[in-house]
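Here the structure comes first, spelled out in structure tokens, and everything after it is commentary.
The values are calculated or read from the model by the stated rules, or taken from the named source; none is laboratory data. The structure displayed is predicted, hence computed values, not measured ones. Note that each Cβ is placed from the backbone with ideal geometry, even for glycine, and that neighbours are counted across all protein chains shown. Keep in mind that these areas ignore ligands, DNA and RNA; they rest on the heavy atoms of the full protein, side chains included. Shrake-Rupley method; radii C 1.70, N 1.55, O 1.52, S 1.80 Å.
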Amino acid sequence: QVQLVESGGGLVQAGGSLRLSCAASGRTFSSYHMGWFRQAPGKEREFAAAISRSGDSTYYADSVKGRFTISRDNAKNTVYLQMNSLKPEDTAVYYCAADLTYGSSWRVRGSWGQGTQVTVSS
């Protein structure tokens, strides 16, 4: 399994932007669908975005569609989450995940990162 390390979180005002990065170890990164999940205080972890192995297909939760963009660079073993027009309700710990699959919902079969805090002030 790959090991994942997120970075790029922080404090930003509403309407601002942040870019999260997730660096993966191992030689199998390009074999996995990758994704981002988030968990707000007192709430369950929820799906935010996913990207196919090649990067040709992307998927978003309705709550972030049109504001967040997921991308990947297989040469650098890195997946990104560009977050624009941030809202206070986007405040959460953001987790990178490897080897996603979709049945009735997105499920993670592989590794999770340790998470990075994103705080959006009003």
| field | Near pairs, Cβ below 8 angstrom, 6+ apart or cross-chain, from segment 91-104 (open to solvent by 10 Å² or more (accessible area, probe 1.4 Å)) to any residue that is of a type in the set (D, E, K, R) and in a loop (DSSP other than H, G, I, E, B) | value | 95/45; 99/109; 101/109
| request: Considering only segment 14-58, state which residues are farther than 16 Å from residue 94 by Cα and of a type in the set (Ser, Thr, Tyr). | output: 25, 28, 30, 31, 32, 52, 54, 57, 58
| Matching residues, segment 57-83, being among the hydrophobic types (A, V, I, L, M, F, W, C), free of Cβ contacts under 8 Å to residues at least 40 places away in the same chain and open to solvent by less than 60 Å² (accessible area, probe 1.4 Å) | 61, 64, 68, 70
| note | Within segment 19-40, the residues that are open to solvent by 30 Å² or more (accessible area, probe 1.4 Å) and either closer than 17 Å to residue 102 by Cβ or without any contact (Cβ under 8 Å) to a residue 24 or more places away in the chain (or both) are 27, 31, 32, 33
| said: Can you tell me which of (1) touching a residue at least 60 places away in the same chain (Cβ under 8 Å); (2) open to solvent by 60 Å² or more (accessible area, probe 1.4 Å); (3) of a type in the set (Ser, Thr, Tyr) is the one residue 54 doesn't meet? | reply: (1)
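Yes/no matrix, rows are residues, columns are (1) out of contact with any strand residue (DSSP E or B) (no Cβ under 6 Å at 6 or more places or on another chain); (2) of a type outside the set (Lys, Arg); (3) modelled with pLDDT under 95:
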residue	(1), (2), (3)
1	yes, yes, yes
7	no, yes, no
16	yes, yes, no
22	no, yes, no
27	yes, no, yes
47	no, yes, no
50	no, yes, no
60	no, yes, no
80	no, yes, no
